Amino acid sequence: MNKLLILISLTLFTLTSKAQEYNFTTSDSVHLYVKVKGKGNPCLYIHGGPGSGSYWMEKFSGDILEKRFTMIYLDLRGVSRSSSPADGNYSMDRMIQDFEEIRKFLGFENWIIMGHSFSGTMVTGYAKEHPESINGIMMFNCSLDLTQSINESWIPKACEVLSLKDVSYFKNDTIDIHDKLNRIFPLLNEKDLTWKLAYENKDNETLMNATFNEIPNWNNDFGSIGLSHKDYMTNFKKYTPDIKMPVLFFYGENDWTIGPNHYKGVLFPNMLLWKSKVGHVPFIENKEDLAKAIDKFVKKFHL
């Protein structure tokens, strides 16, 4: 009898594990990869990149996150294990609709949302449009104004790293931001210095990049156009005073990708502002401080 009970328990555990991984079909027939894992209040992770996917977050910080939350790992449309829309619809409104369709499908009345990097735009946009669906927000090294982050932090730091003597081209406001990026990226790649914009050392960049090779047939459709899509290149800081739910705004003092001063002008009324001795990826480089910030946030706002 005991052996039978054990066998039944193992079978149920296996079925439950499989049931937590979904190929969810949206109302416009896009197949989204969704994985539910952990325990506690539900938390949707909206990844950055714009095409970085959710796998690396699960791999490097699942041990921290899944002890505290029921994590919902999502690959956005056009990214990693998710398919692309036939009509090429990557608008902010459509992304937000995806989030809401997944929330309803999973049966959550509301949830916490968590973002990193590029997804600060989507997280803010979602909170603005559907405050009733969100109990709290966790932002880790997020940009709410990508144009500001690129022009005031990323490009100046890249010029410094490259020891460029003539930076007049990159300071010229009449030149399109994407033209500047297209010029400076090859210079960084040629000297293998791109890691200095985000990581403490080269090994951590290598560790991160290796995760992308672990997913076969990686979809990069949204990653290739996200930074040129008008919906994500506006200033979302202006919406923050009207977003009332609790917010953890975690930023790195050495995060040149977003900018160590990017928190200025972020005015969420109920915000825990957390400065950390880290670059752009605390999930690899300062997990202890990351956990402290999360615990303080959850305790402070009773989440």
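Observations on the model:
- A search for C-beta distances below 9 Å between a residue of segment 270-294 that is in contact (Cβ under 8 Å) with a residue 40 or more places away in the chain and more than 16 Å from Ser143 (Cβ to Cβ) and any residue that is β-branched (Val, Ile, Thr) and surrounded by 21 or more Cβ atoms within 10 Å (Cβ to Cβ), counting only pairs 6+ apart in sequence or on different chains, returns Glu285/Val278; Leu290/Val278.
- Top-ranked residue of segment 67-92 - restricted to ones that are over 15 Å from Val34 (Cα atoms) and without any contact (Cβ under 8 Å) to a residue 40 or more places away in the chain, ranked as surrounded by the fewest Cβ atoms within 10 Å (Cβ to Cβ): Gly88
- Pairs are defined by a Cβ separation below 7 Å, a sequence spacing of at least 6 or placement on different chains, a first member in segment 219-234 that is within 18 Å of Lys180 (Cβ to Cβ), and a second member that is crowded, with 19+ Cβ neighbours inside 10 Å and of a type in the set (Asp, Glu); no pair meets this definition.
- Matching residues, segment 65-118, being small (Gly, Ala, Ser) and more than 27 Å from Asp295 (Cα to Cα): Gly78, Ser80, Ser82, Ser83, Ser84, Ala86, Gly88, Ser91
- Selection count, segment 30-56, where residues are within 25 Å of Thr257 (Cα to Cα) and surrounded by fewer than 22 Cβ atoms within 10 Å (Cβ to Cβ): 2
- Spans of strands (runs of 3 or more DSSP E) in segment 24-132 with at least 1 residues within 13 Å of the chain's Cα centre (by Cα): 41-46, 69-74, 111-117
- Subset of segment 133-182 that is hydroxyl-bearing (Ser, Thr, Tyr) and not in a helix (DSSP H, G or I) - its residue that is nearest to Ile46 (Cα to Cα): Ser143
- Selection status of Ser143, crowded, with 16+ Cβ neighbours inside 10 Å, over 30 Å from Leu32 (Cβ atoms) and under 21 Å from the mean Cα position of the chain (by Cα): no
- Tallying residues that are of a type in the set (A, V, I, L, M, F, W, C) and over 14 Å from Lys157 (Cα atoms) within segment 167-182 yields 2.
- Among the candidates Thr206, Thr211, Thr194, Thr240, the residue that is among the polar types (S, T, N, Q) and surrounded by 19 or more Cβ atoms within 10 Å (Cβ to Cβ) is uniquely Thr240.
- Which numbered condition Leu197 misses (of (1) under 18 Å from the mean Cα position of the chain (by Cα); (2) more than 23 Å from Tyr45 (Cα to Cα); (3) modelled with pLDDT of 95 or more): (3)
- Of the helices (runs of 4 or more DSSP H) lying entirely inside segment 184-303, those containing at least 3 residues that are out of contact with any helix residue (DSSP H, G or I) (no Cβ under 8 Å at 6 or more places or on another chain) and more than 17 Å from Val123 (Cα to Cα) span 202-212, 287-300.
- Test: residue in segment 163-175 that is in contact (Cβ under 8 Å) with a residue 12 or more places away in the chain, surrounded by 15 or more Cβ atoms within 10 Å (Cβ to Cβ) and either in contact with a Lys or Arg (Cβ under 7 Å, 6 or more places away or on another chain) or closer than 30 Å to Leu303 by Cβ (or both): yes
- Hey, Ser119 of a type in the set (Gly, Ala, Ser), surrounded by 21 or more Cβ atoms within 10 Å (Cβ to Cβ) and closer than 18 Å to Ile243 by Cα or not: yes
The values are calculated or read from the model by the stated rules, or taken from the named source; none is laboratory data. Note that this is a predicted model, so its numbers are computed, not measured. We place every Cβ from the backbone using ideal geometry, glycine too, and count neighbours over all the protein chains shown.
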